[in-house]
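What follows draws every value from the coordinates through simple rules; no lab data is involved. Keep in mind that this is a model prediction, so the values were computed, not measured. Because the Cβ atoms are built from the backbone with ideal geometry, glycine has one as well, and the counts that use them run over all protein chains shown.
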Amino acid sequence: MDICYNIDKVKENVKKHALKVNRNPDDILIVAVTKTVDVSRIEEAIKYGITDIGENKVQELVDKYPTLMDKVQFHFIGHLQTNKVKYIIDKVKMIHSLDSVRLAEEIDKRAKKCNRIMDCLIEVNVGSEESKYGIEPSSLLEFIKELEGFSNLKIKGLMTVAPYVDAEDVRPYFRKMKQLFDNAKSLNQKNLDFKYLSMGMTNDYTVAIEEGANIIRIGTGIFGKRLYDMEVK
Ligand SMILES: *Cc1c(COP(=O)(O)O)cnc(C)c1O
C-alpha cells in the first residue's frame, strides 16, 4: 500500500473516532514516525500533508535534518541520553521523552545556551513495565515538582507508550493517562503549560483518540513495516 493511501486511511480513522466522542478531529496532530524510513519516502508523506515527524535515534535525526529542516517539524520520541541532548537541542520542536531530572537539567542547560525554551513532554510508564522508560504514574506529581527550577524548559504535557495488548485492553491505560494529565494540568507551576497528551501508535491510536490523545505517533500505519521488523527469508 502506498503512503498517500495510508495517510488517508489514518486521517479517516482520526475523524471517525474523534467524532464518535464529540471531539474536533483538527485538534489531533498526527506525528509520522520516520525511524528507518528514508528521506525520499518522508518527502512523499510531507507532500501529502504530514507536517510533523518523530525520530527515536539522535544520529538518524541529525542525518535527516539538513534535507528536511525547511519542510517539516521534528519531534524526538525515543529515550534520550544526556550526552546527546546537545545534538538535537536546536533541531526539534518538542522532546516527548523527558524521564529524569538529570535529563531535564541537561536540556535546560543546553536550551539556555542556544537561547530557547525547549518544549518537553514527560514520558510516563503507564503500565509500570520493566522494559520501558518513563516516570511511574504514582511519582508523576513529585517529578513535576522537581522540575520547578528549570526555566528554559516548558512542560507541555505527557507521553506514553502503552503496553502492547489488544485494542480494548489498552483503554484503561489511556484513561489513566488522561486522569494524570488532567490532574497535573491544574498544578500551578511556572514552567508548566499542559496542552498535549501524546499517546496512540499504529495498533491503538483509535482507542487513544477516544480517551483524549491530541498527538498520535504513527509509523507502520503510514510507511508500512520497518525493515528490521521484517522476517529474513
Ligand atoms: C516506533 C514508535 C512509534 C510508532 O510505532 P508504530 O507501531 O510503527 O506506529 C511511536 N512511538 C514511539 C516512541 C516509537 O518508538
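Working out 0.36 nm times the residue gap between N22 and K185, then minus their Cα-Cα distance, what length gain in nm do you get to one decimal?
Full extension from N22 to K185 adds 56.6 nm.
Per the helix-only calculation at 222 nm, which mean residue ellipticity applies to the chain, given -39500 (n - 2.57) for every DSSP H run of n ≥ 4 and division by its residues, nearest 500 deg cm²/dmol?
On the way: 9 runs with 87 residues, N = 233.
The helix-only estimate for the chain comes to -11000 deg cm²/dmol at 222 nm.
Relative contact order, percent, of the range 40-187 when contacts are C-alpha pairs under 8 Å separated by at least 6 residues?
Numbers: 218 pairs, mean separation 26.4, N = 148.
Across the range 40-187, relative contact order equals 18 percent.
Based on the Cα atoms of the range 78-137, what semi-axes does the equivalent ellipsoid have, where each is the square root of 5 times one gyration tensor eigenvalue, given in whole Å with the largest first? Let's see the in-between values first.
Working: eigenvalues 102, 20, 18 Å².
The equivalent ellipsoid of the range 78-137 has semi-axes of 23, 10, 9 Å.
Find how much the distance from Y87 to K113 grows on full extension, using 0.36 nm per residue of separation minus their present alpha carbon separation; answer in nm with one decimal. Numbers along the way, then the final one.
Values: separation 26, 0.36 × 26 = 9.36 nm, distance 1.26 nm.
Extra length from Y87 to K113 when fully extended: 8.1 nm.
Mind checking which of A167, G127, F194 is farthest towards the positive end of the chain's charge dipole, using Cβ charges of +1 (Lys, Arg) and -1 (Asp, Glu) about the Cα centre?
Most positive-ward Cα: F194.
Pick out, in residue order, every one of the GluC sites (Glu not before Pro) in the range 133-233 that is DSSP loop and has at most 10 other C-beta atoms within 10 Å; say none if there are none.
Counting only loop positions with at most 10 other Cβ atoms within 10 Å, the GluC sites (Glu not before Pro) in the range 133-233 are E231.
Can you sort D204, D38, D108, D169 so the residue with the fewest Cβ neighbours within 10 Å comes first?
Taking fewest neighbouring Cβ atoms as first place, the list is D38, D169, D108, D204.
Percent of alpha carbon pairs in the range 109-233 separated by more than 16 Å?
For the range 109-233, the fraction of Cα-Cα distances above 16 Å is 65 percent.
Write down Rg/Rh for the chain, rounded to two decimals, with Rg from the C-alpha atoms and Rh from the Kirkwood relation over Cα pairs.
Result for the chain is an Rg/Rh of 0.95.
Can you sort Y196, Y48 from fewest to most other Cβ atoms within 10 Å of each residue's own Cβ?
Listing Y196, Y48 from fewest to most nearby Cβ atoms yields Y48, Y196.
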